[in-house]
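> Sending over a structure as structure tokens; questions will come in a sec.
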Amino acid sequence: MKLNALRLVFTLFTFSVLNAQIIGKVQDETENFPLEYATIALYDQDDKSLVTGVISKEDGTFKIEKIKRGLYYIEASFVGYQTKTISNIEITKGTKQVNLGDIQLVLGNQLNEIEIRAERSTVINKIDRQVFDSKSFQSSQGGTATDVIRNLPSVSMDGLGEISLRGSKGFAVLINGKPVQGDAQMVLGQLPANTIERVELITAPSAKYDPEGKGGILNVITKKGATNGTYVQVGVRGGFPSIEPYDTQEPARRYGIDATVNNKTDKWNLSLGASYQRNDKTGRREGQLWIVNENENKQSFMPSDGERSFDDINFNGRFSVDFTPDEKNEFSLGFFAGEHTKDRLADITYYDNHAVSPIGSENRLYTFSYYNHNLRTRKGDFVLGSFDYSHTFNNESNLKTSALYEYTFLGGPTYNDNVDTPAYNEIYQQEYNTNDNPLHGVRVNIDYKWKPFTFGVLETGYQFRELDHKGDFVYERDGIVVPEFSSNIELKRVIHSGYAQLTGNSGDWDYSAGARLESMDRNYTEALLSDTAPNEYTYDFVKLFPSASLQYAINEDTNLKAAYSKRIERTTTFKMNSFAEREHSEVFEQGDNRLLPEFIDLVELGVTKDFDNKNSIYATAYYRKTDNVINRVNTLAYESNGAVIDSILNRVYSNVGKSKAYGLELGAQFKATKNWSNFVGANIYNYDINGEFVFRHRDGVTRTYDVNSNNTIYSFNVNSTYAFWKNATAQFTFNYLSETNTAQGEDSRFYSPNLTLKKSFLDNKLNLTLQWQNIDMGILNSNEQSIATTRANEFYTYTNYVYEVDVVTLNLTYTFNKVKNKAKFIESEFGKREF
């Protein structure tokens, strides 16, 4: 009996020792968002020795298990935050669990309650992403998400305003972790910058994310409720008159207003928002076009010059409500409605030395000059709603469901009038294109997360996506419908996908591995008005998209990481429409009805080093291989009988072969002095395109063109901020992109310097921001880029875009109730991709 009793006592003692645990949750003190991958170290309070340590989960929670009896303290730390110590944690014989609750970490070095000057780290490196604080980019205030994104180290922007991630314009956008199928450029262009909390750059995404986006993922986190109360913020923006007129017909107008109202209680979080923005841009376009017609022994030369300006109007309303009845359940409902109108005016004069002559001769067969009025209006009305539900089970597993429906109406006419010059009293030709593009989109997600193993967390999920996009295109010439250029198209796409992913850590190692299986059915139909029946093109696949990432902590300040991800870049309806549309006097634009999606393999290897809370560096080497590369290319334009048109090119979207990119990405944040902080990012890579593309003319003739292009490209972004005192700062940013090769030519370098002055008043409730964008002063070539394409013995094009410089705007933001309470909103899922 005595022996059995001793065994029982020993068993109970052992059980109590092995099952004692400490739990808690690590959060940001200012905004209360959870801190994933925070370090929680457990120390013996008597001898200060380290006992063990863990890393917080995605929701900020942590658990330290199998703790012996004793007196302990913990240190919770995260890059860019002050370390917090909690002492006198006692584990006794009967202790099974100690709950430390919410552990609030403070960003930067806050001094005291009399003068708080917390400074956030610009970038925080994690195993699978880099996290950038939007508040570090003051030059974006009053603008859009695009103005925030363009300052990131891997991002560059060209003269057309198109964003590239590691040299790729194909990347996916998430809003608060939710995938957006709309055009990334348009999504970022509609989201006000002052609603953004931070941006996460995920260059090698895991299997739990949709595999779309060859450059990776930009996850934009909007501000959300943190404490109970009512929060109201109103921002207004006004632009000064243009310094450079550019001989435009109308001056640029720049103004806007954005308002957010948020009310939060323990169970409810209600957000309302509305925005109206007008952001016109003026400029000029200088061009040359040279075409060789060997069949008829003719060459055509067309120099041109004229206005190229944009009227850009965007307004929207936003609504979301979150309901949390208890700790285990959360419901979210959101609506978004908006309208975006963009008028591009290109009034170009084709000079009197526009001539056609025999090849190799200066004897002109004829000379012709004219004035071309070209106005392209693009409109988009967006209405969408989403519903989310999340449930946490007793075993701490979590189920999330999400559903989104979108209706988008796209359209807009293009006016193309050729008029005599300089009298302007005779119309040679009037062309009119218009289209109606209703779009319906549905997305449903189910995700489940639990920990069936001691060595990691398992995540599984299923996603359904459906797209139905129709288009009715009408082409008129001199008021008469032209059947051979008027068409009806429809793209239907259904995607089913499921994934499984394991994430965990062991000692100094963090790891993640998974795979996503996807089935896609694409059906595209098109028909001219003159056709009796539509042509149908189908494309289906079932593919596996694996991913893996690994990180090793050399010490608490230095990490090595490696990752692999397989991606896809899907086609849009616009790029598949094979019927020509008259975009300019000298350009027909069309797509390819057999266009294949791009498939991408990405490998990267990186190192991060933190010196203290204010200084860090990182470097990432990467390799990206792309099959079925989609490029915009030029070909000679032909009449229906096969004859070359003297002064018009076909601009075609086509698969042009394969590409490879070898690159190195670098970044550093450092404080030069106590008041002067800097962030520098750079990207250098070698880009090679090799293959061919096939142009299928409606005359039945198929033409094949070779593609072979190679170049080393680099870009860098500088962000330098100086604090004059606690509520006044000056920030200088500089964005530079070198010469870039394309399938048929080269884009010139492009750069933009910007200066922002910010002053806060009334206990930081009122913020005044003065921006000087695209600094030029008549001595630089800021905001200017030329694009050249060529094919030997066929054509040469050169277009120089001169965009407005020395733009000055004033932004005023007032917060009526300065609690740490902000709003989050949904964004368009499908239609903006086609805008």
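The values are calculated or read from the model by the stated rules, or taken from the named source; none is laboratory data. As the structure is a computational prediction, the values presented were derived from the model and not from experiment. Glycine also receives a Cβ, built like all others from the backbone with ideal geometry; neighbour counts cover every protein chain displayed.
> Give just the number: which of (1) modelled with pLDDT of 90 or more; (2) within 25 Å of the chain's Cα centre (by Cα); (3) not charged (D, E, K, R) does PHE382 not satisfy?
If we test PHE382 against (1) modelled with pLDDT of 90 or more; (2) within 25 Å of the chain's Cα centre (by Cα); (3) not charged (D, E, K, R), just (1) comes out false.
> Criterion first (more than 22 Å from the chain's Cα centre (by Cα) and either in a loop (DSSP other than H, G, I, E, B) or surrounded by fewer than 18 Cβ atoms within 10 Å (Cβ to Cβ) (or both)) does ASN593 satisfy it?
Yes.
> Give me the pairs, please: first residue somewhere in region 428-455 and free of Cβ contacts under 8 Å to residues at least 24 places away in the same chain, second residue anywhere and surrounded by 15 or more Cβ atoms within 10 Å (Cβ to Cβ), beta-carbon distance under 7 Å, and either six or more positions apart or on two chains.
Note: pairs meeting the criteria are PRO452/LEU458.
> Consider TYR722 carefully, then state whether it is closer than 30 Å to ARG632 by Cβ and in a strand (DSSP E or B).
For TYR722, the condition - closer than 30 Å to ARG632 by Cβ and in a strand (DSSP E or B) - is not met.
> May I pose another question? Output the strands (runs of 3 or more DSSP E) that fall wholly within region 323-442 and possess 3 or more residues being crowded, with 16+ Cβ neighbours inside 10 Å and of a type in the set (Phe, Trp, Tyr), or say none.
Ranges flagged: 370-392.
So that you can scan it fast, the table gives a plain yes or no per residue for (1) within 22 Å of the chain's Cα centre (by Cα); (2) acidic (Asp, Glu); (3) surrounded by fewer than 21 Cβ atoms within 10 Å (Cβ to Cβ); (4) not assigned by TED's automatic domain parsing to the domain that holds TYR564:
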position: ASN615; (1), (2), (3), (4): no, no, yes, no
position: ILE630; (1), (2), (3), (4): yes, no, no, no
position: VAL644; (1), (2), (3), (4): no, no, yes, no
position: SER647; (1), (2), (3), (4): no, no, yes, no
position: VAL656; (1), (2), (3), (4): no, no, no, no
position: SER659; (1), (2), (3), (4): yes, no, no, no
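> Just the residues that are more than 29 Å from TYR475 (Cβ to Cβ) and either touching a helix residue (DSSP H, G or I) at 6+ places or on another chain (Cβ under 7 Å) or not polar (S, T, N, Q) (or both), please, taken from region 361-392.
If the condition is that a residue be more than 29 Å from TYR475 (Cβ to Cβ) and either touching a helix residue (DSSP H, G or I) at 6+ places or on another chain (Cβ under 7 Å) or not polar (S, T, N, Q) (or both), then GLU362, ARG364, LEU365, LEU384, GLY385, PHE387, ASP388, TYR389, HIS391 are the ones that fit.
> Report whether or not THR460 is surrounded by 15 or more Cβ atoms within 10 Å (Cβ to Cβ), of a type in the set (Ser, Thr, Tyr) and closer than 19 Å to ASP210 by Cβ.
yes
> Pick out the one residue from PHE670, PHE599 that is in contact (Cβ under 8 Å) with a residue 12 or more places away in the chain, within 25 Å of GLY691 (Cα to Cα), part of a strand (DSSP E or B) and of a type outside the set (Asp, Glu).
PHE599 is the lone residue from the list that is in contact (Cβ under 8 Å) with a residue 12 or more places away in the chain, within 25 Å of GLY691 (Cα to Cα), part of a strand (DSSP E or B) and of a type outside the set (Asp, Glu).
> How about region 775-793: which of its residues are in a loop (DSSP other than H, G, I, E, B), surrounded by 13 or more Cβ atoms within 10 Å (Cβ to Cβ) and among the aliphatic types (A, V, I, L, M)?
Scanning region 775-793 gives ILE775, LEU780.
> Quick one: in region 750-768, of everything that is of a type outside the set (S, T, N, Q) and within 22 Å of the chain's Cα centre (by Cα), which residue is surrounded by the most Cβ atoms within 10 Å (Cβ to Cβ)?
By that ranking, first place goes to PHE750.
> Does THR222 satisfy the criteria of being touching a residue at least 12 places away in the same chain (Cβ under 8 Å), crowded, with 22+ Cβ neighbours inside 10 Å and β-branched (Val, Ile, Thr)?
yes
> Determine, yes or no, whether ASN363 is of a type outside the set (Asp, Glu) and in contact (Cβ under 8 Å) with a residue 24 or more places away in the chain.
no
Matching residues to (1) within 26 Å of TYR622 (Cα to Cα); (2) crowded, with 17+ Cβ neighbours inside 10 Å; (3) not basic (Lys, Arg):
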residue: GLU484; (1), (2), (3): no, no, yes
residue: GLY504; (1), (2), (3): yes, yes, yes
residue: ASP510; (1), (2), (3): yes, yes, yes
residue: SER519; (1), (2), (3): no, no, yes
residue: ASN555; (1), (2), (3): yes, no, yes
residue: THR558; (1), (2), (3): yes, no, yes
residue: ALA563; (1), (2), (3): yes, yes, yes
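> If I filter region 577-598 for residues that are hydroxyl-bearing (Ser, Thr, Tyr) and under 30 Å from GLY53 (Cβ atoms), do I get at least one hit?
no
> Here's another thing I want to ask about it. Give the residue, chosen from ASP128, ASP59, that is at pLDDT below 80, in a loop (DSSP other than H, G, I, E, B), in the same structural domain as GLN21 (by TED's automatic domain parsing) and on the phi < 0 side of the Ramachandran plot.
None of the others qualify; the one that does is ASP59.
> Regarding ARG477, is this residue touching a residue at least 40 places away in the same chain (Cβ under 8 Å) and closer than 30 Å to HIS391 by Cα?
In short, no.
> Which residues, taken from region 329-355, are modelled with pLDDT of 85 or more and under 30 Å from TYR424 (Cβ atoms)?
THR341, LYS342, ASP343, ARG344, LEU345, ALA346, ASP347, ILE348, THR349, TYR350
> Regarding region 12-25, can at least one residue be identified that is among the polar types (S, T, N, Q) and either touching a Cys at 6+ places or on another chain (Cβ under 7 Å) or modelled with pLDDT of 85 or more (or both)?
Checked against the condition, which is being among the polar types (S, T, N, Q) and either touching a Cys at 6+ places or on another chain (Cβ under 7 Å) or modelled with pLDDT of 85 or more (or both), region 12-25 yields at least one hit.
> Sticking with this structure for a sec: Determine if region 282-291 includes at least one residue that is in contact with an Asp or Glu (Cβ under 7 Å, 6 or more places away or on another chain), in the same structural domain as SER647 (by TED's automatic domain parsing), surrounded by 15 or more Cβ atoms within 10 Å (Cβ to Cβ) and of a type in the set (A, V, I, L, M).
Yes - at least one qualifying residue is present in region 282-291.
> Of the conditions (1) over 24 Å from PHE816 (Cβ atoms); (2) surrounded by 20 or more Cβ atoms within 10 Å (Cβ to Cβ); (3) in contact with a Phe, Trp or Tyr (Cβ under 7 Å, 6 or more places away or on another chain); (4) polar (S, T, N, Q), ASN316 clears all except one; give me its number.
(1)
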